[in-house]
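Q: Submitted below is the structure of interest, expressed as structure tokens.
What follows draws every value from the coordinates through simple rules; no lab data is involved. Everything numeric in this text was worked out from a predicted model, so none of it was measured. Don't worry about glycine lacking a Cβ; one is built from the backbone with ideal geometry, like all the others, and counts go over all protein chains shown.
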Amino acid sequence: MDRDASPDTPPASAPGPARPAHGDPGRAPAVPPVTWVDHTGSTQRAVLEAAEAAPGDWPHLRALATLDQRTGRGRQGRDWTTPAGTALSFSVVLRPAVDVRHWSWTTLLAAAVAARELRRRGIGATVKWPNDVLAPDGRKLCGILAGVLPGQSGLVLGLGLNLDFGPHGAPVPTATSMVEWLPGTGHPAAGELARDVLPALLRSLGAALEDFTREVRAHPGAEVDGSHPAVRDVVAHLGTLGTGVRAELPGGAAVTGTARGLGPGGTLLIEPAGRGKMDPAVPGATRRGGLLEVSAADVVHLRR
């Protein structure tokens, strides 16, 4: 694990330990102290390696965080980096108490949690399937990625949240930051924002997983798709639904149409444009009646 700080205390320049979250702190689960580091290559890789080497040291909801992640990776191995001090990057161990077949919902659950926490701060954030949180103008505020621990003993969920890109603005035109959207003036520095947001995210994520587990167990044998009560919060925050989309599939094929729902495990159900002339087979997609189901794709929201 790359770091210039003790695993038990944050460096002087970094945000401090967790404190009670916004919302309902009496109901939220306890969160272990966050390990803050001055910098790291990838929080995801560091936590995966540490949790594999010493699983007892990495209980549910223990996280590693930094304001300077240097070699992060997003979906399909893409670079996921931001200038030092401008974004919160953290990875957290999750040990879901549900069958592994339901774990694929985790990224969408986390994205809904992030969108809700941003809305509480006055930012009209929405979720873009499968793992992004967008600002009202469609630019990206937050990205999420999850990996499975060896032996399916749990997950490591990584989240990057853009805080403040400063006077020079975002490094790419498709990104934005919290400070651009927070109401009012005189916003706190990035470190202070991180100190406020991170514990709230962790506690809310823990509570969301507890809710998910309770609802899944309350409906044994039921298929967990977008109609299931376990994922009502995901559906409520998912801006992709009802939107025109282009889904670019891993094999190179693409589907254009309207997102109509979520299938089992959080797959996306798309009503293709020209539905009556739908191809009998689209590589990377499965037919479900008049809809196409995709489980992995880069989705673009089309202008209305």
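Q: Between residue 152 and residue 235, what FRET efficiency comes out of the Förster formula 1/(1 + (r/R0)^6) with R0 = 25 Å and r the beta carbon distance, rounded to 0.05?
A: It comes to 0.40.
Q: Assign unit charges at the C-beta atoms only (+1 for Lys and Arg, -1 for Asp and Glu), then state the dipole size of the chain relative to its Cα centre in Debye, rounded to the nearest 20.
A: 800 debye
Q: Between helix 190-218 and the chain, what is the angle of the helix's C-alpha long axis to the longest principal axis, kept within 0 to 90° and rounded to the nearest 10?
A: Rounded to the nearest ten degrees, it is 50.
Q: Can you give me the long-range amide H partners of residue 288? Hydrogens built in the peptide plane at 1.01 Å from N, cutoff under 5 Å, separation of 5 or more residues or another chain.
A: Placed amide hydrogens put 293 under 5 Å from residue 288.
Q: Neighbour counts of other C-beta atoms within 10 Å: give me 100, 133 arranged from fewest to most.
A: With the sparsest Cβ surroundings first, the list reads 100, 133.
Q: Continuing with this model, one more query. Test of understanding: in a Gaussian network model of the chain with alpha carbons linked when under 10 Å, which of 268, 155, 182 would top the mean-square fluctuation ranking?
A: Residue with maximal mean-square fluctuation among 268, 155, 182: 182.
Q: Right, something else. As a test of the formula, what do you get for the chain when each DSSP H run with n ≥ 4 contributes -39,500 (n - 2.57) and the sum is divided by the residue count, at 222 nm and rounded to the nearest 500 deg cm²/dmol?
A: -7000 deg cm²/dmol
Q: Helix 106-120 versus the longest principal axis of the chain: what is the Cα-based angle in degrees, 0 to 90, to the nearest 10?
A: 70 degrees
Q: Still on this structure, I have one more. Using modelled amide H (1.01 Å from N, peptide plane; none on Pro or chain starts), what sits under 5 Å from the amide H of residue 238, excluding residues fewer than 5 places away?
A: For residue 238, the qualifying residues are 127.
Q: Mean separation of Cα pairs under 8 Å and 6+ residues apart, divided by the residue count of the chain: what relative contact order is that in percent?
A: For the chain, the relative contact order is 15 percent.
Q: Could you list which residues have their amide H under 5 Å from that of residue 62, counting only those 5 or more apart in sequence or on another chain, with H placed in the peptide plane?
A: So residue 62 has HN proximity to 93.
Q: Let me ask something additional. Label points 7 Å out from Cα along the Cβ direction at residue 217 and residue 298: separation in nm?
A: Here the answer is 4.1 nm between the modelled labels.
Q: Each residue of region 226-243 in turn: what ³J(HN,Hα) in whole Hz from Karplus with 6.51, -1.76, 1.60 and θ = phi - 60°, glycine and Pro shown as x?
A: Values per residue, Gly and Pro as x: x, 8, 7, x, 5, 10, 4, 5, 4, 4, 5, 9, 7, x, 5, 5, x, 9 Hz.
Q: For the pair residue 70 and residue 172, how long in nm is the line joining their label points, each one 7 Å along Cα→Cβ?
A: 2.1 nm
Q: Given a Förster radius of 41 Å and the C-beta distance between residue 286 and residue 187 as r, what FRET efficiency does 1/(1 + (r/R0)^6) yield to the nearest 0.05?
A: It comes to 0.35.
Q: Once you compute Rg and the Kirkwood Rh from C-alpha atoms, what is the Rg to Rh ratio for region 240-301?
A: Taking Rg over the Kirkwood Rh, I get 0.90.
Q: Using each residue's phi in region 39-54, evaluate 6.51 cos²θ - 1.76 cosθ + 1.60 at θ = phi - 60° and report the 3J(HN,Hα) Karplus result to the nearest Hz, with x for Gly and Pro.
A: 7, 7, x, 9, 4, 4, 5, 4, 6, 4, 5, 5, 5, 6, 6, 9
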